[in-house]
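Since every read-out is calculated from the coordinates, none of them should be taken as a lab result. Owing to the predicted nature of the structure, the values given are computational and were not obtained by experimental measurement. Cβ coordinates were reconstructed from backbone atoms using ideal geometry, including for glycine residues, and neighbour counts include every protein chain displayed.
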């Protein structure tokens, strides 16, 4: 069965600290996609990244980076030099090959204090 | 604004009433999805449209929930005989062609409160 676990319910950091949000997934498929979305207080889910199961290269986009490790079924997200505007709930999601839906984790609430 | 839009942004209704929630996808997107997000949880899939047809409605919780997309663009989620447990944020998303694993872009949601 497919499942996404985000064990960290809430994380608080002070501005400029680095922070890593964990995501562990379960799937029987060999082909699947992983996503991260940001949900600010306004409520709209903002797409951050999409990664397929055959591409294990880490990715960096500005202050954001993602570490995909199939061996541990993890797809962790790191924010470097966090800013107050990074405060939001972050969701990791999984999509398997033969399905149209996203399976979301329960989210991690990140609070960045000035 | 070229994003997904949803109306109303908030809806308060009484138990037993009927409600309709509207989603206007990104122009040109053929695939449309509905999700429901309860407080403190991640979104849960309800239904997926490819064009006018519901390709996957396996997430609809019961027969009180129904959705349509008659012209392949705007979609309406309909809930009959609302219950307090239906209170949640209803999110709509769209993707360009609906090919599996394509990125879904979400709207701001409709916050439904059933009293």
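Observations, loosely collected:
- Residue satisfying condition, being within 9 Å of another protein chain (Cβ to nearest Cβ), surrounded by 14 or more Cβ atoms within 10 Å (Cβ to Cβ) and either in a loop (DSSP other than H, G, I, E, B) or in contact (Cβ under 8 Å) with a residue 12 or more places away in the chain (or both), within set B:72, B:59: B:59
- Residues that are within 11 Å of another protein chain (Cβ to nearest Cβ) and assigned to a strand (DSSP E or B) were ranked within segment B:91-115; the one that is surrounded by the fewest Cβ atoms within 10 Å (Cβ to Cβ) is B:111.
- For residue B:42, the conditions (1) without any contact (Cβ under 8 Å) to a residue 40 or more places away in the chain; (2) within 12 Å of another protein chain (Cβ to nearest Cβ); (3) crowded, with 21+ Cβ neighbours inside 10 Å; (4) within 14 Å of the chain's Cα centre (by Cα) are fulfilled apart from (4).
- Condition check for residue A:56: surrounded by fewer than 20 Cβ atoms within 10 Å (Cβ to Cβ), away from every other protein chain (no Cβ under 12 Å) and in contact with a helix residue (DSSP H, G or I) (Cβ under 8 Å, 6 or more places away or on another chain): yes
- When residue B:65 is tested against the conditions (1) more than 13 Å from chain A (Cβ to nearest Cβ); (2) in contact (Cβ under 8 Å) with a residue 40 or more places away in the chain; (3) in contact with a helix residue (DSSP H, G or I) (Cβ under 9 Å, 6 or more places away or on another chain), the lone failure is (2).
- Test: residue in segment A:46-53 that is facing chain B (nearest Cβ under 8 Å) and farther than 24 Å from residue B:39 by Cβ: yes
- Residues of segment B:1-33 that are more than 10 Å from chain A (Cβ to nearest Cβ), assigned to a strand (DSSP E or B) and either under 11 Å from the mean Cα position of the chain (by Cα) or farther than 11 Å from residue B:90 by Cα (or both): B:5, B:7, B:12, B:13, B:19, B:20, B:21, B:22, B:23, B:24, B:32.
- Some residue of segment A:8-17 being over 25 Å from residue B:89 (Cβ atoms) and within 11 Å of chain B (Cβ to nearest Cβ): no
- Qualifying position, being surrounded by 18 or more Cβ atoms within 10 Å (Cβ to Cβ) and in a loop (DSSP other than H, G, I, E, B), among A:30, A:99: A:99
- Taken over segment A:88-114, the residue count meeting the criterion of being closer than 14 Å to residue A:1 by Cβ and more than 9 Å from chain B (Cβ to nearest Cβ) is 1.
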